[in-house]
Ligand code: AMP
């Protein structure tokens, strides 16, 4: 395990890999690692000669200061967990000022509306922050392949659009959602839930699964209403949005069309912790 916090150290180590024509896989993370992150790392280890995992809590993608302040961090634990995937990982944990070249602000991006809906509509500036840091990190690592989770499906599609727009020579690989035994999508933020709420939060995945079952028979509009009514009866969970959207354009729909692929997307508050999830419908 090599741990670097300076970009030039990373470049020296990766320069040797590239000279030896060894492939580089990259997994960007914000730390507080769990089995979801580990599934990306294991896939990267299986598919590449060398793997870089970045750990960086990116300030510019938080629209809520309290969420940023409370974001869990445990670097030693992260390293221990990464060692279970491989001893041969390069960890890149840059300082804010260095990765941002002194100016810690987002650039402004446009991705044909992908950035405007759902997370983009509810988290002001979030995707500008994500695209800014991912572009900086992809340029620093220059990997052959970069791995992102479908847990953040909208982010994954935006990163694909970013890489196409900037003509970056990296393959973006989407990885399936890892879940806790009750179905709750694994997330660093789950650590902030009480034990009872964390157990009961399997409800979110149950709703997504039922929506999927209904999707063959009912209209998207009907399913949206059904989900809203279900959450209205819940004390513990507050629905922020539930949408059914085309996987390519991410445009929310009320009417299905044939030969298109759809996913359901949800954002929920539980004990002031914001949880997101999604599921393929067809
Ligand atoms: P984060 O540290 O939350 O920024 O996540 C880093 C990467 O791990 C992103 O590509 C996420 O989509 C992915 N990820 C987070 N949680 C999960 C999960 N439960 N299953 C699969 N991938 C995940």
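The values are calculated or read from the model by the stated rules, or taken from the named source; none is laboratory data. All values derive from a computational prediction rather than experimental measurement. So basically every Cβ, Gly included, is an ideal-geometry build from the backbone, and we count neighbours across all protein chains shown.
Checking 186, 160 one by one, the residue that is touching a residue at least 12 places away in the same chain (Cβ under 8 Å) and either away from the ligand (no atom under 13 Å from the Cβ) or out of contact with any helix residue (DSSP H, G or I) (no Cβ under 7 Å at 6 or more places or on another chain) (or both) is 160 and no other.
For the range 162-174, residues that are crowded, with 18+ Cβ neighbours inside 10 Å and either closer than 15 Å to residue 247 by Cβ or under 10 Å from the mean Cα position of the chain (by Cα) (or both) total 1.
Hey, does the range 215-226 have a residue that's touching a helix residue (DSSP H, G or I) at 6+ places or on another chain (Cβ under 6 Å), surrounded by 17 or more Cβ atoms within 10 Å (Cβ to Cβ), in a helix (DSSP H, G or I) and at pLDDT 95 or above? Yes; the residues of the range 215-226 include at least one that is touching a helix residue (DSSP H, G or I) at 6+ places or on another chain (Cβ under 6 Å), surrounded by 17 or more Cβ atoms within 10 Å (Cβ to Cβ), in a helix (DSSP H, G or I) and at pLDDT 95 or above. Does residue 146 fit the bill of being under 30 Å from residue 259 (Cα atoms) and in contact with a strand residue (DSSP E or B) (Cβ under 8 Å, 6 or more places away or on another chain)? Answer is yes for this residue.
Here residue 27 qualifies as surrounded by 15 or more Cβ atoms within 10 Å (Cβ to Cβ), assigned to a strand (DSSP E or B) and either modelled with pLDDT under 95 or within 15 Å of the ligand (Cβ to nearest atom) (or both). Here the condition is being in contact with a helix residue (DSSP H, G or I) (Cβ under 9 Å, 6 or more places away or on another chain), surrounded by 12 or more Cβ atoms within 10 Å (Cβ to Cβ) and more than 23 Å from residue 167 (Cβ to Cβ); of 33, 114, 10, it holds for 33 alone.
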